[in-house]
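Take a look at the structure below.
The values are calculated or read from the model by the stated rules, or taken from the named source; none is laboratory data. Only a predicted model underlies this, so the values are computations on that prediction, with no experimental measurement involved. With ideal geometry, Cβ positions are generated from the backbone for all residues, glycine too; neighbour counts draw on all protein chains shown.
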Amino acid sequence: MDRLDSFPMCLKPKLNVFFLGIDSQLDDLDADHSHYKPEAIDTLCQLTKFNKRELQLMYRGFKQECPNGMVKEETFKGIYAQYFPKGAETTQYAHYVFNSFDHDNTGAITFTDFVIGLSVLARGSLQEKLRWAFSLYDINGDGYITKDELSKIVQSIYELMGKAVEPMIEDHTTRDHVDRVFQVR
Ligand SMILES: [Ca+2]
């Protein structure tokens, strides 16, 4: 199977960092006084495929990692890197994932951004997952995936795998991969 085929699904465990440290005492979303005021929990239930209890648990984990209720890109990259082996270069791919979650391009992922993105990855339909994957590849958001954009994403995915992969990644590996995708059949 092509390595790219399964990558959106593999993101889910990588993002589980936000679920760590949850204990039995739940926060009440509506009573929260953090800097960022999340959407009312009922609205989040409508926007995602998570129920109220799941959202409360996630919010608690999210707030532990990000007490002010927002994740800046540098923080996101730091968290992301912890879930890959040493030697893996995660910065660039984490940048693209961050952008795909930061819907309104504010430079920070809010809890709302986070659960909407995670809902698609964890419970979205095939169509929703494909739409998310497309938005990841369409770096400039113009509705088209160019060869250049595909090259950048494929390169970042190869970097994620680190140096110790078989067969070894050569300089031309990315180019060959992209050429195959764009080949007219
Ligand atoms: Ca584009």
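The numbered conditions (1) away from the ligand (no atom under 16 Å from the Cβ); (2) over 20 Å from residue 181 (Cα atoms); (3) not basic (Lys, Arg) are all true for residue 99 except (1). No other residue among 141, 162 is small (Gly, Ala, Ser), under 19 Å from residue 91 (Cβ atoms) and over 14 Å from the mean Cα position of the chain (by Cα) apart from 162. Restricting the range 58-75 to residues that are in contact with an Asp or Glu (Cβ under 9 Å, 6 or more places away or on another chain) and assigned to a helix (DSSP H, G or I), the residue that is modelled with the highest pLDDT is 73.
Pairing residues of the range 129-150 that are among the hydroxyl-bearing types (Ser, Thr, Tyr) with residues that are not in a loop (DSSP other than H, G, I, E, B), at Cβ distances under 7 Å and at least 6 apart in sequence or on separate chains, gives 135/100; 137/149; 137/150; 137/153. For the range 154-172, the count of residues that are in a helix (DSSP H, G or I), closer than 30 Å to residue 43 by Cα and aromatic (Phe, Trp, Tyr) is zero.
With respect to the stated conditions, residue 93 fails to be of a type in the set (Ser, Thr, Tyr), closer than 22 Å to residue 48 by Cβ and crowded, with 19+ Cβ neighbours inside 10 Å.
Results for (1) small (Gly, Ala, Ser); (2) under 27 Å from residue 48 (Cα atoms); (3) within 16 Å of the ligand (Cβ to nearest atom); (4) crowded, with 19+ Cβ neighbours inside 10 Å, shown as yes or no for each residue.
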site	(1), (2), (3), (4)
117	yes, yes, no, yes
125	yes, yes, no, no
128	no, yes, no, no
134	no, yes, yes, no
150	no, no, yes, yes
157	no, no, no, no
160	no, no, no, yes
